[in-house]
1. In the stretch 300-321, how many residues are at pLDDT below 90 and crowded, with 17+ Cβ neighbours inside 10 Å?
2. Suppose we keep only residues that are of a type outside the set (K, R) and in contact (Cβ under 8 Å) with a residue 40 or more places away in the chain within the stretch 267-293. Which one would you say is surrounded by the fewest Cβ atoms within 10 Å (Cβ to Cβ)?
3. Residues to consider are V158, V132, V188, V194; find the one that is surrounded by fewer than 17 Cβ atoms within 10 Å (Cβ to Cβ), among the aliphatic types (A, V, I, L, M) and modelled with pLDDT of 80 or more.
4. Kindly list the number of the only condition in (1) assigned to a strand (DSSP E or B); (2) without any contact (Cβ under 8 Å) to a residue 40 or more places away in the chain that fails for V192.
5. If a residue must be farther than 23 Å from L133 by Cα, of a type in the set (G, A, S), at pLDDT 75 or above and exposed (fewer than 15 other Cβ atoms within 10 Å of the Cβ), how many such residues does the stretch 64-120 contain?
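The values are calculated or read from the model by the stated rules, or taken from the named source; none is laboratory data. The model shown is predicted, which means the values in this text are computed figures rather than measured ones. Glycine gets a Cβ as well: all are built from the backbone with ideal geometry, and neighbour counts include every protein chain shown.
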Amino acid sequence: MPFLAVTLAVAAGLVLSWLLRRIVLRLNRKRPELQATSRVARRPLQLALCLIGVRAALELTAGSETWHAAVDHLLLIALIGALAWLAVAVLLIIEAVVLTRHSVDVADNRRARRLRTQMILARRIAVALVVVLAVGSVMLTFPAIQALGAGLLASAGVISIVAGLAAQTSLVNVFAGMQLAFTDAIRVDDVVVVQKEWGRIEEITLTYVVVHVWDDRRLILPSTYFTTTPFENWTRRQSEVMGTVEFDLDWRAPVEEMRSELRRVLAGTDLWDERVGVLQITDATGGFVRVRILVSAADSAALFDLRCLIREAMIAYLQQGHPEALPHQRWEQAAPDAGSSVQRKAPLRGLGSPTAAGARPPADPHESQLFTGSIEAVERSRAFTGPGDDVFEDRDRHLASRN
């Protein structure tokens, strides 16, 4: 008798599950996204209805049996788990329906990305709460630990436990993740620069953030990084960005012709959003002139491609039409100075110098090349160039009289 009752209960649960799913889909037939996501809740719904039917059948047919209490306790624990599974599935369905109605595959998707980030984190928080409630409910089924289960389910108890655990380093990231979700600091698919790496926010969890770097690497950062460390968010308010292309060119660079070429390049590409497109000389020192081109694009990816396009087009334009504008290094060789030739110094001669008889020092003390350039130098030169001509004439007469 109990076996037959259990079989009928299981069959009734499966049929009721099928009917409920059909009714829900029929009422929401204008929402095709629900057709695909509803499969997530099929298994937990069937399990929950079957367990409810089995418990009712055993209560009616074997309520007085000795084994009924133990079996009913196991079925109750299984039912709690099935209901928790069903609640998680319902949360996944709600998340999928909401995200499908707010697609991020549009030009201006800032609001959709914000909603996506908040929905994902809210769903994860709700799943964590469902698990806590399920564990607490299971604990309440055991008389020996009912007090602990009641304390876990009580609101004050939950708040105190969460507050106590939040002081731990491992759970600080959980609160940081919640802060990121609801303060709008970053969103899924935001373009950021963190640790000198350019990439997009790929995933935001309660404990860490995944950044998809431009070269397909993944940078895993704790949630606290984005609440304690400065970083760049290029798409927080809007996706439109501006960027520069710079050239160091010769002073003969044709600025006006380059402006005309820039306008031609911008007009021929869809990467430019027509907001900003200017060419300016920002510096003219060190033998070069610095040409800066400022352009804008709809997003960072388009801006990168636009900058590369302008850089390539301008280089080709200058190489083909204005090679004189390319950077040059100039050297000038000064003409040789006639006064800089090396002159031989005259020997010093004095009264006691071992020179031949009749040899005389230069008449002009400047010829000695020892001291020149000022009156004081000439006077000092005379002190070192020996006696004058009259002394040498007297010496010559004296030598001639002796001979």
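1. Residues in the stretch 300-321 being at pLDDT below 90 and crowded, with 17+ Cβ neighbours inside 10 Å: 3 in total.
2. Applying the filter and picking the extreme gives G287.
3. Among V158, V132, V188, V194, only V132 is surrounded by fewer than 17 Cβ atoms within 10 Å (Cβ to Cβ), among the aliphatic types (A, V, I, L, M) and modelled with pLDDT of 80 or more.
4. (2)
5. 1
Quick grid of which residues meet (1) in a strand (DSSP E or B); (2) acidic (D, E); (3) in the same structural domain as L219 (by TED's automatic domain parsing):
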position: V245; (1), (2), (3): yes, no, no
position: R252; (1), (2), (3): no, no, no
position: E261; (1), (2), (3): no, yes, no
position: L279; (1), (2), (3): yes, no, no
position: R292; (1), (2), (3): yes, no, no
position: V295; (1), (2), (3): yes, no, no
position: D305; (1), (2), (3): no, yes, no
